Amino acid sequence: MKKTLATLSFVLIAFSAMGQTTLFHTGDGTGAPYRIPAIATAKNGDVIALSDHRPCGNDIGYGLVNILMRVSGDNGATWSAADTVLLGSGKGPDTGYGDACLVADRERNELLLVCVSGDTPYWKSKIDHPQRIVCTHANLDAKTGKWVWNKQPVDLTKQVYEDLLGNRINGLFMGSGRICQSKMVKVGKYYRIYGALCTHGGNFVIYSDDFGYNWKILGSATESCAPKGDEPKCEELPDGSVLLSSRKAKGRYFNVFHYTDVASAQGSWEKAVETDLMPGGITNFGSPTDGEILIVDAVSKSGRKTKLALQSVPAGPGRTNVTIYWKELRVADDYNTAENFASYWPGRYQVSDKGSAYSTMTLQHDGNIGFFYEEEPQWYQMVYKNLSLSEITGGEYTIAYGKKK
């Protein structure tokens, strides 16, 4: 494995002491907890943050859960009041909606939300009574400047369980947070999007070329790309390959899908690797927890244009000290195999010094990272921070572009 300047074995550590905004406050007048962050940056520059609101006090399947939204039109400086995107009924297939996965189309002011619904908990899901998967879309109203959601979600349950996976899987959901949209692959009207599934049989990745209405399997529908993987995310590598990042104890599982034909999505996955077993790989002392993977265009302090990979996860012990680990992708040998990508992560930036768990992030139009995560007290507050890449990397890198709004 070839080392570059991006794969030095030292560790750069920084800590966030900047201000933060609590977008959803557990302990407010509703008396219900909030959990599960999702965030995206729309074409017009709006930053959209979603959260579960859990009157039942638990995950989907145990009672009433709603998905709420707040929007910032000034890169996180101020936020709209909370609005309901999907309202659970408390019974039946629409008992609740939660575990939001969000993407904003790069060419249009359109949003896609994929989430879980129903009255069946994940581990009790069966083919004849599954934990359901649904989606809904939003468009920006040009007159009001407000996001308008389709209130009646589209049920994807049959399409994913039966048509794609042949009813071989009893339970599944898409890893919450950020859905990846390609910068390179466009087949039809939209750039391709990738959603990573957590299932009773390991991880699978699905993709859509029509912004979430119709989905196909990326790779095998019978062989998992991470058999022991838990809550997963996807990201596009600099060469157009697809990266899987999945939850595990002591680190992450990484795997890479290599295309042989992009238009028809032909290709194959490697074998998943464990970051804590790779030289210089991400190793933490946290319990298995959902995190986010994001690759951004960057400039080194010497002026070199490059790519930087950011992976968030609690550093531990347990679910504490949410941290962003980072690595430069300077040459192909830094990312062209799962082992290469998983090795030599020299930097980390501690976002929280408290109990903290799930996290996600988005590149904003001001060129900063909008970071949205769960933090104690009260299991949890839903906290937003606006972080510069320079702050995250201790001055080693800055974002290569940004659209001022």
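The values are calculated or read from the model by the stated rules, or taken from the named source; none is laboratory data. Predicted model only: the values in this text are computed from it and were never measured. Virtual Cβ from ideal backbone geometry, glycine too; neighbours counted across all protein chains shown.
Return the residue satisfying two criteria in turn: it lies in the range 133-183 and is basic (Lys, Arg) and either outside the structural domain of Ile193 (by the TED database) or in a strand (DSSP E or B) (or both), and of such residues it is nearest to Asp52 (Cα to Cα). Steps first, please.
Step one: filter the range 133-183 for residues basic (Lys, Arg), giving 143, 146, 151, 158, 168, 178, 183.
Going one step further and asking which of them are either outside the structural domain of Ile193 (by the TED database) or in a strand (DSSP E or B) (or both), we end up with 178, 183.
On the way: Arg178: 14, Lys183: 29 Å.
Only one residue fits best here, namely Arg178.
Taking Gly291 as the residue in question, decide whether it is part of a loop (DSSP other than H, G, I, E, B), under 17 Å from Ser359 (Cβ atoms) and at pLDDT 95 or above. Reasoning before the result, please.
Numbers: part of a loop (DSSP other than H, G, I, E, B): yes; under 17 Å from Ser359 (Cβ atoms): yes; at pLDDT 95 or above: yes.
So Gly291 passes the test.
Within the range 297-305, is there a residue that is buried (at least 21 other Cβ atoms within 10 Å of the Cβ) and in contact (Cβ under 8 Å) with a residue 24 or more places away in the chain? Working first, answer last.
Of the residues in the range 297-305, the ones buried (at least 21 other Cβ atoms within 10 Å of the Cβ) are 298.
Still in the running and in contact (Cβ under 8 Å) with a residue 24 or more places away in the chain: 298.
Yes, the range 297-305 contains at least one residue that is buried (at least 21 other Cβ atoms within 10 Å of the Cβ) and in contact (Cβ under 8 Å) with a residue 24 or more places away in the chain.
Return a yes/no flag: does the range 204-226 have any residue that is in a loop (DSSP other than H, G, I, E, B) and within 14 Å of the chain's Cα centre (by Cα). So that I can check it myself, show each step before the final result.
Let us first name the residues in the range 204-226 that are in a loop (DSSP other than H, G, I, E, B), namely 209-215, 218-225.
Checking the rest, the ones that are also within 14 Å of the chain's Cα centre (by Cα) come to none.
Scanning the range 204-226, I find no residue that is in a loop (DSSP other than H, G, I, E, B) and within 14 Å of the chain's Cα centre (by Cα), so the answer is no.
Tell me yes or no: at least one residue of the range 278-287 is crowded, with 17+ Cβ neighbours inside 10 Å, of a type outside the set (Ser, Thr, Tyr) and modelled with pLDDT under 95. Please lay out each step first, then the result.
Just the residues of the range 278-287 that are crowded, with 17+ Cβ neighbours inside 10 Å, to begin with: 278, 280-284, 286.
From what is left, the residues that are of a type outside the set (Ser, Thr, Tyr) are 278, 280-282, 284, 286.
Of the ones still in play, those that are also modelled with pLDDT under 95 are 284, 286.
Within the range 278-287, one or more residues are crowded, with 17+ Cβ neighbours inside 10 Å, of a type outside the set (Ser, Thr, Tyr) and modelled with pLDDT under 95.
Within the range 1-96, considering only strands (runs of 3 or more DSSP E) that don't extend past its boundaries, which have at least 3 residues that are of a type in the set (Asp, Glu), modelled with pLDDT of 95 or more and not assigned by the TED database to the domain that holds Leu389? Write out each step before concluding.
Numbers: elements: 12-15, 21-24, 34-41, 47-53, 66-72, 83-86.
Those strands (runs of 3 or more DSSP E) do not exist here; none qualify.
When the range 378-392 is examined, which residues are found to be touching a Gly at 6+ places or on another chain (Cβ under 9 Å) and either in contact (Cβ under 8 Å) with a residue 24 or more places away in the chain or surrounded by 20 or more Cβ atoms within 10 Å (Cβ to Cβ) (or both)?
Taking the range 378-392 first, the residues touching a Gly at 6+ places or on another chain (Cβ under 9 Å) are 378-381, 384-389, 392.
Across the range 378-392, the qualifying residues are Gln378, Trp379, Tyr380, Gln381, Tyr384, Lys385, Asn386, Leu387, Leu389, Ile392.
Run Arg132 past the list (1) touching a Gly at 6+ places or on another chain (Cβ under 7 Å); (2) free of Cβ contacts under 8 Å to residues at least 24 places away in the same chain and report the number of the one that doesn't hold.
(2)
Here are some residues: Phe257, Phe285. Which one is of a type in the set (A, V, I, L, M, F, W, C), more than 21 Å from Met361 (Cβ to Cβ) and assigned to a loop (DSSP other than H, G, I, E, B)? Talk me through it step by step, then tell me what you get.
Values: Phe257 fails: assigned to a loop (DSSP other than H, G, I, E, B).
None of the other options fit; the residue is Phe285.
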